[in-house]
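Enquirer: What follows is a single structure, and I will ask about it in a moment.
The values are calculated or read from the model by the stated rules, or taken from the named source; none is laboratory data. Model, not experiment: these values are computed from the prediction. Cβ placement follows ideal geometry from the backbone for every residue including glycine, while neighbour counts extend to all protein chains displayed.
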């Protein structure tokens, strides 16, 4: 159970998460086209910091869109938040998860083959340039990724072409401690009970950034802050909110 106080100087005093809607969420933002990609945009027009959200393999789920709105509206620091549609309208059907049949496993394998995280990570520097051109008030950029998107965060922030000043990975897929060695920006990693504990621990040890926050939400499943969040469950809803508070607090303290 993740009821222990968070470490690394974390506190939640600066965040005011709105009530989380369990079903029928009404998005606060709108959709635009950026660098040829449909992109969800939310947050104040005069924000001087921008956050790129990398969704999980299920795309624009209500839980993920609501999360973007939370990031954009819940902190004294103004953030403009963007979710590009890397899957171009063809996300993974959530019915394929969990992949407990040979057919589902085959389908998921083909999906990951078509949408490797490294491909998105390599496109992000140019995408951020396109975002910057359309949003000149934004002076620096952060990134938040969920599951598959968490792997994208590791890959881009550990690369020489990284355009981001800070990052967060929420229940990241394919945790590789080796990538942590070359991440130079402040980074938060929020793990579920389903990420390999030894790899999460080694990832934390390998992070040599100016600030880090690694925490395991020990009773939550892989996906609790995005598409697989069962927000009708009070415990999941509470930890969903706490996850976003944790990210916001980390960004509020450590964004250079």
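Enquirer: Which number in (1) surrounded by 15 or more Cβ atoms within 10 Å (Cβ to Cβ); (2) more than 17 Å from residue 152 (Cα to Cα); (3) more than 13 Å from the chain's Cα centre (by Cα) marks the one condition that residue 251 misses?
Expert: Here residue 251 clears every test but (3).
Enquirer: Sort out which residues of region 136-151 are crowded, with 19+ Cβ neighbours inside 10 Å and within 21 Å of residue 256 (Cβ to Cβ), and write them in order of number.
Expert: Residues satisfying the conditions are 138, 141, 142, 143, 144, 145.
Enquirer: With in contact with a strand residue (DSSP E or B) (Cβ under 8 Å, 6 or more places away or on another chain), free of Cβ contacts under 8 Å to residues at least 60 places away in the same chain and within 25 Å of residue 245 (Cα to Cα) as the only criterion, which of 151, 139 stands out?
Expert: Result of the check over 151, 139: 151.
Quick grid of which residues meet (1) under 17 Å from residue 68 (Cα atoms); (2) touching a residue at least 12 places away in the same chain (Cβ under 8 Å); (3) crowded, with 21+ Cβ neighbours inside 10 Å:
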site: 211; (1), (2), (3): no, yes, no
site: 217; (1), (2), (3): no, yes, yes
site: 221; (1), (2), (3): no, yes, no
site: 225; (1), (2), (3): yes, yes, yes
site: 240; (1), (2), (3): yes, yes, yes
site: 243; (1), (2), (3): yes, yes, yes
site: 255; (1), (2), (3): no, yes, no
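Enquirer: Look at residue 84 and say whether it is touching a strand residue (DSSP E or B) at 6+ places or on another chain (Cβ under 8 Å) and either closer than 20 Å to residue 38 by Cα or at pLDDT 95 or above (or both).
Expert: yes
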